[in-house]
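Single-structure report; data block below.
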Amino acid sequence: MSDSNSIDYTSVPDQHGHFGPYGGRFVSETLMDALDELEALYNKLSGEPEFQAEFDRDLAHYVGRPSPLYFAERLSARIGGAQIWLKREDLNHTGAHKVNNTIGQALLAKHMGKPRVIAETGAGQHGVATATVAARLGLKCQVYMGAEDVKRQALNVYRMKLLGAEVIPVTSGSKTLKDAMNEAMRDWVTNIDDTFYIIGTVAGPHPYPQLVRDFQCVIGREAREQCLAQAGRLPDALVACVGGGSNAIGLFHPFLEDQDVAMYGVEAGGDGVETGRHAAPLAAGQPGVLHGNRTYLMADENGQIIETHSVSAGLDYPGVGPEHSWLKDIGRVNYVDATDTEALAAFRELTRIEGIMPALESSHAVAYAMKLAATMRPDQIIVVNLSGRGDKDIHTVAGIDGISI
Amino acid sequence: MSRIEQCFAALRAEGRKALIPYVTAGDPSPEMMLPLMHELVEAGVDVIELGVPFSDPMADGPVIQLAMERALAHNVSLRDVLDMVRAFRTTNQTTPVVLMGYLNPIEKMGYEVFAEQAAQAGVDGVLTVDLPPEEAEQVAPLFRRHGLDCIFLLAPTTTLERARRICEHASGYVYYVSLKGVTGSAALNVTEVAEKLEQLRSVTDLPIGVGFGIRDGASAAAIAGVADGVVVGSVLVNQIAANVGDLEQARAGITAVIRDMRAAMDR
């Protein structure tokens, strides 16, 4: 923590995709050439103003950016601590931050001339965002989704089908997000010639953690400008939920050099980190290698990946983006957790007090922000990434209430 | 000379090709392994690739995924696999054993500890599917210091320049993945493999084993015509899947496939 002033946050990843000891490219040989090709193309395009302009145009006119920064006045007053401001990624087209990244990667697929895209999805938000850009560009789209998640996110499954994507339920392993990612990797290695793999989070082999971060950084760049314009100063704290961690890195990254801005990444505490039934690798895991990168993982003493638990499908993942692992080790970001119960309470609170229904993933961030706000002064500002809207979770919440709809 | 080098040198002198079976250690149960390994040798194999069970085998098709699940149902760990090799070595000091698997179990055990214990147990080579040479700059020399050969994959998508660099890091043999896909895929094209191998010979003198898509005596013989070794996995594991309740039948099925391939390759 003491030396985080002297760290150059733009120096990562290095040319091999390493964030300190994390990241890298741990995949089978068949994929290496495609990753080299993707890296070279991305390095070229990301430096071209035309590509950036094309991306910005799509974000403005198709996604509807900039998303507002909204002062949740009633919620803040009720807590009586710091001001809670919400970065409204839930208002994006398709209802979550995921589309920022799929727009960017679809542009890459287009430049590479790939007629087919695949994706993995947990809550279905990334799958929907991928199916959406595929429909817009006329690309064939197949989405891998754990069979468990297909059940608990039926609404998003049907949305993807309406958008013309094929949803493939994955029945291996724990039947959740990690297994969907395994299966997407297997598809990619088999169909590498005509297929672009749109990874949904800041994980996977280099250059994915970097390019997904870069595409999501629009969140933090906007939030920084908006906070300066609307509140007249930078926030005191940022809060975002962390599954793979794409919405969190998108918010945090443009603030990393602002040393007075504290950052909190909120993992899924499930039944409580102490119970072992959670999805909090940064809190309770150890470094290991999975899905193409070295990062904090939930694994047993023999290195087998263990099953995770969270009420939110989008956070139900045993790994985390490698940059988060690095930011944890250097102490720049505080990684904390919110339990299922806390997240559900925050879901209800924000819905009733502000008329904003957050995704269960984002509800973890709201839950922690409410706790944090209570410890701070009313002149202080917390910016919370409201990464997605909660419509997709109504079935889950109704089920918990014992209501079938 | 390592046990793997000796094996390939002897085969070369006889004008024969290596038959290299893959089985997942502990599938369908740990007791199966020792008798199976000895029976494989009796049936005519030259090197044994022993799969280390992993919860998330990203490069494997459904057949080997399920094999790993069956082994993991018995909690078969990397340490258990080393014990199996140690037991095998009490009566067999000649047949090379290569561990094939994923990086995380090794990372969890610790590279130094693993290298030392694997060498002590009698392991000859390590093939880690998700460890390309770029990430192996420390690991490969460490393994070699302990006398373990580092076996790397080459793929249809590997450029010749890249293959040259990979082979500089490799020892023992290299493993050419015959097709784009996961283990157990069907479409093997021998002509394409032959062309690729001819190119690869220009960058390495290491023996080249070929795997993925080899299902029977005919395909084994065809590959043996162009490669130094024939790796066969899913078709053997299928024998186990079909006979989970009858281990003797499973072993008999496997050795029958091996005998058939051996005969076809030597014909």
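Structure above, values below:
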| read-out | value |
| --- | --- |
| Failed item in (1) modelled with pLDDT of 95 or more; (2) open to solvent by 10 Å² or more (accessible area, probe 1.4 Å); (3) among the small types (Gly, Ala, Ser); (4) in a helix (DSSP H, G or I), with A:Ala365 passing the rest | (2) |
| Complete set of residues in the stretch A:290-315 that are open to solvent by less than 10 Å² (accessible area, probe 1.4 Å) and within 16 Å of A:Ser246 (Cα to Cα) | A:His291, A:Asn293, A:Thr295, A:Ser312, A:Ala313, A:Leu315 |
| Matching residues in the stretch A:163-191 - criterion: being out of contact with any Asp or Glu (no Cβ under 9 Å at 6 or more places or on another chain), surrounded by fewer than 19 Cβ atoms within 10 Å (Cβ to Cβ) and either over 17 Å from A:Ala134 (Cα atoms) or facing chain B (nearest Cβ under 9 Å) (or both) | A:Thr190, A:Asn191 |
| Hey, B:Val126 touching a helix residue (DSSP H, G or I) at 6+ places or on another chain (Cβ under 7 Å), part of a strand (DSSP E or B) and open to solvent by less than 50 Å² (accessible area, probe 1.4 Å) or not | yes |
| Residue tally, condition closer than 15 Å to A:Lys178 by Cβ and of a type in the set (Ser, Thr, Tyr), over the stretch A:260-301 | 2 |
| Qualifying residue in the stretch B:108-121 (condition: within 21 Å of B:Gly233 (Cα to Cα) and touching a Leu at 6+ places or on another chain (Cβ under 6 Å)) | no |
| Test: residue in the stretch B:224-239 that is within 14 Å of chain A (Cβ to nearest Cβ), closer than 25 Å to A:Val189 by Cα and touching a Leu at 6+ places or on another chain (Cβ under 6 Å) | no |
| Filtered residues of the stretch B:45-62 (kept if open to solvent by 20 Å² or more (accessible area, probe 1.4 Å) and more than 12 Å from chain A (Cβ to nearest Cβ)) | B:Asp46 |
| Filter result for the condition that a residue is within 11 Å of chain A (Cβ to nearest Cβ) and not in a helix (DSSP H, G or I), over B:Thr183, B:Thr95, B:Thr91 | B:Thr183 |
| Residue list for the stretch A:183-202, filter: among the hydroxyl-bearing types (Ser, Thr, Tyr) and either free of Cβ contacts under 8 Å to residues at least 12 places away in the same chain or assigned to a loop (DSSP other than H, G, I, E, B) (or both) | A:Thr190, A:Thr201 |
| Contacts under 8 angstrom Cβ, first residue in the stretch A:203-214 being hydroxyl-bearing (Ser, Thr, Tyr), partner outside any helix (DSSP H, G or I), 6 or more apart | A:Tyr208/A:Ile199; A:Tyr208/A:Val202; A:Tyr208/A:Gly292 |
| One residue from B:Met109, B:Met84 being open to solvent by 10 Å² or more (accessible area, probe 1.4 Å) and either touching a strand residue (DSSP E or B) at 6+ places or on another chain (Cβ under 6 Å) or within 14 Å of chain A (Cβ to nearest Cβ) (or both) | B:Met109 |
| Elements of type strands (runs of 3 or more DSSP E) contained in the stretch A:1-104, each with 2 or more residues being away from chain B (no Cβ under 14 Å) | A:69-71, A:83-88 |
| Some residue of the stretch A:306-318 being of a type in the set (D, E, K, R) and either within 19 Å of A:Asp340 (Cα to Cα) or within 14 Å of another protein chain (Cβ to nearest Cβ) (or both) | yes |
| Residue satisfying condition, being of a type outside the set (Phe, Trp, Tyr), touching a helix residue (DSSP H, G or I) at 6+ places or on another chain (Cβ under 9 Å) and within 14 Å of chain B (Cβ to nearest Cβ), within set A:Leu251, A:Leu297 | A:Leu297 |
| Condition met for B:Leu34 (open to solvent by 50 Å² or more (accessible area, probe 1.4 Å), in contact with a helix residue (DSSP H, G or I) (Cβ under 9 Å, 6 or more places away or on another chain) and away from chain A (no Cβ under 14 Å)) | yes |
| Filtered residues of the stretch B:112-139 (kept if of a type in the set (Val, Ile, Thr) and either farther than 15 Å from B:Leu154 by Cβ or more than 10 Å from chain A (Cβ to nearest Cβ) (or both)) | B:Val113, B:Val123, B:Val126, B:Val139 |
| Options A:Asp337, A:Asp329, A:Asp379; residue that is assigned to a loop (DSSP other than H, G, I, E, B) and modelled with pLDDT of 95 or more | A:Asp379 |
| Any chance B:Leu206 is within 16 Å of B:Arg162 (Cβ to Cβ), in a helix (DSSP H, G or I), away from chain A (no Cβ under 12 Å) and in contact with a strand residue (DSSP E or B) (Cβ under 9 Å, 6 or more places away or on another chain) | no |
| Breaking point among (1) within 20 Å of the chain's Cα centre (by Cα); (2) basic (Lys, Arg); (3) open to solvent by 30 Å² or more (accessible area, probe 1.4 Å), for A:Arg377 | (1) |
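For (1) closer than 18 Å to B:Val230 by Cβ; (2) open to solvent by 30 Å² or more (accessible area, probe 1.4 Å); (3) in contact with a Leu (Cβ under 9 Å, 6 or more places away or on another chain), each residue gets a yes or a no:
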{"residue": "B:Arg145", "(1), (2), (3)": "no, yes, no"}
{"residue": "B:Ala155", "(1), (2), (3)": "yes, no, yes"}
{"residue": "B:Leu160", "(1), (2), (3)": "no, yes, yes"}
{"residue": "B:Ala163", "(1), (2), (3)": "no, no, yes"}
{"residue": "B:Ser178", "(1), (2), (3)": "yes, no, yes"}
{"residue": "B:Val182", "(1), (2), (3)": "no, no, no"}
{"residue": "B:Ser185", "(1), (2), (3)": "yes, no, yes"}
{"residue": "B:Val190", "(1), (2), (3)": "yes, yes, no"}
{"residue": "B:Val193", "(1), (2), (3)": "yes, no, yes"}
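The values are calculated or read from the model by the stated rules, or taken from the named source; none is laboratory data. Predicted, not measured: the structure shown is a model, and the values here were computed from it. Ideal geometry is used to build each Cβ from the backbone, glycine not excepted, and the neighbour counts take in all protein chains shown. Remember, those area values only see protein heavy atoms, side chains included, never the ligands or the DNA or RNA. Shrake-Rupley method; radii C 1.70, N 1.55, O 1.52, S 1.80 Å.
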